[in-house]
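In what follows, a single structure is set out as structure tokens and then discussed.
The values are calculated or read from the model by the stated rules, or taken from the named source; none is laboratory data. Everything quoted here is computed from the prediction, not taken from an experiment. Here the Cβ positions follow ideal geometry from the backbone for every residue, glycine too, while neighbour counts run over all protein chains shown. The protein model used for the area step is the full one, side chains on, heavy atoms only, and it has no ligands, DNA or RNA in it. Shrake-Rupley method; radii C 1.70, N 1.55, O 1.52, S 1.80 Å.
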Amino acid sequence: MRYKINLPLSLTIILVFASLIKAAGQPVTDQFQCSQELIKLTKMFSDTPHVSFRVQEVTTYKNGTNRTVVYQYKVGGEKMMCEGSDSTTIIQNEQCSFRINHARHEAEVTVPVEVFKYVARVKILDPSFYASYIAGMTLADTAGYGKLSFRFKPASIYRSYDIIYDKTTHRIQSIQYSVNLNGARISASGAGMYDVTMTFSNYQTGQFDDSVFSTDSYFIRKQGICNMVAPYTSYTIKNLLNQ
């Protein structure tokens, strides 16, 4: 499988890890290998022109309740469409990233970002996030799959973040992470603490074309002003493209 490496992102990841290695005194070879695996994971979705997959996200709270949302992704390079069972839709193309919440009748237009940032849910690709929260990374084998784990600083609200993936194709099988909004402090009631498991399945290729990345059926943009079109004219839209 051929990986098309995005040089600016690749350099960002490597440079950030270089600073982590120096600060933490960690083995250079291990951390470099982690950064290379992360780069391959970020590029996996754009390796095939048109790939779709399903993600089931289960959030389990410490009080025993849980919430399940299912997302259907369609990706082509850095273009993406994601439809969620929580009444949200995200469409990204060369011009913008468009998010609509049908339950709230709200929409937002922003600049495009790395598709992997939407998939990961946590800002693990942002340099400021690395500097503030991450202490390092490790690689391991689990049941024949690769496991890339992030280690966090004590003050971070994240306690763990693991990516389980096929070592040959680098297709993600699951992402698991834990959150404690109290940071290093443990709440006796479990308030602010929850676990998230995202299970990836039904990878398919070539089942759609670039027309799914068009936003024309939702809004038009003229002279920098965005307006929703029928049947969404009652929705409010926020334009953040120029910020």
Residue list for the stretch 124-142, restricted to those being within 20 Å of Val55 (Cβ to Cβ) and open to solvent by 30 Å² or more (accessible area, probe 1.4 Å): Thr142
Unique residue being within 30 Å of Arg221 (Cα to Cα) and at pLDDT below 90 when the list is Ser97, Ser46, Ser87: Ser46
Of all residues making up the stretch 113-122, the number that are assigned to a loop (DSSP other than H, G, I, E, B) and surrounded by 16 or more Cβ atoms within 10 Å (Cβ to Cβ): 2
Some residue of the stretch 150-159 being of a type outside the set (A, V, I, L, M, F, W, C), on the phi > 0 side of the Ramachandran plot and open to solvent by less than 50 Å² (accessible area, probe 1.4 Å): no
Qualifying positions in the stretch 165-197 - more than 16 Å from Ala155 (Cα to Cα), open to solvent by 50 Å² or more (accessible area, probe 1.4 Å) and modelled with pLDDT under 70: Ala188, Ser189
Number of positions in the stretch 147-175 that are within 30 Å of Gly192 (Cα to Cα) and in contact (Cβ under 8 Å) with a residue 24 or more places away in the chain: 14
Residues located in the stretch 69-111, provided they are open to solvent by 70 Å² or more (accessible area, probe 1.4 Å) and either in a strand (DSSP E or B) or at positive phi (or both): Glu83, Arg99, His105, Glu106
Residue check, Tyr118 within 23 Å of Gln33 (Cβ to Cβ) and of a type in the set (Ser, Thr, Tyr): no
